[in-house]
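Notes for the one structure printed next.
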């Protein structure tokens, strides 16, 4: 009798074991995601965000991808009005751009799905797929009419791996592993209100 092909449950079990025994110790640090540059441009009354981000994946995440586990990458964007007298800044806008990254072993290609628009793109290798997420160009962020020209605003951007989107068995490991807790620090910069194009 021929051996049955491994089920998804079996794959997840072995992936879980790999993560438990092969992951970095909890106290170790891992070079993670990083926002290198970010800026805004005013185009036809809308401030558009462009950014360049580095998205190095840990060995555990790469192993999960190779075994058919999709990962979700999230870009968090904020616009805050700066307030005086040591008061907390006021949140004006908060946006979340989500991407699902999947490896298809049959074609040996990577697929990036924009979960906000459902647009799917296929790439020949991982570096191109990650660049598609990490290179943000002219993302419409906020309408100029929502801002007051006499006020001062900051823009914040970070990128992170969404642990909550992982399969349940793997999620338990990801909560306690630095190898899965990938998130950049917030990249903050002032919003220039007077740069029309």
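The values are calculated or read from the model by the stated rules, or taken from the named source; none is laboratory data. Quantities reported herein were computed from a predicted structural model and do not represent experimental measurements. In this analysis, Cβ positions are derived from the backbone assuming ideal geometry, glycine residues included, and neighbour counts consider all displayed protein chains.
If you check residue 142 against the conditions, is it surrounded by 17 or more Cβ atoms within 10 Å (Cβ to Cβ), within 21 Å of residue 34 (Cα to Cα), touching a residue at least 40 places away in the same chain (Cβ under 8 Å) and in contact with a strand residue (DSSP E or B) (Cβ under 6 Å, 6 or more places away or on another chain)?
no
Hand me the list of strands (runs of 3 or more DSSP E) wholly inside segment 98-153 holding 1 or more residues that are touching a helix residue (DSSP H, G or I) at 6+ places or on another chain (Cβ under 9 Å) and closer than 30 Å to residue 84 by Cβ.
Qualifying strands (runs of 3 or more DSSP E): none found.
Can you tell which of 90, 108, 151 is loosely packed, with under 14 Cβ neighbours inside 10 Å, modelled with pLDDT under 95 and on the phi > 0 side of the Ramachandran plot?
108
If you take the residues of segment 183-197 that are modelled with pLDDT of 95 or more and surrounded by 17 or more Cβ atoms within 10 Å (Cβ to Cβ), which of them is farthest from residue 49 (Cα to Cα)?
Applying the filter and picking the extreme gives 184.
Hey, could you check segment 154-177 for residues that are modelled with pLDDT of 90 or more and part of a loop (DSSP other than H, G, I, E, B) and say which is surrounded by the most Cβ atoms within 10 Å (Cβ to Cβ)?
Ranking the candidates gives 166 first.
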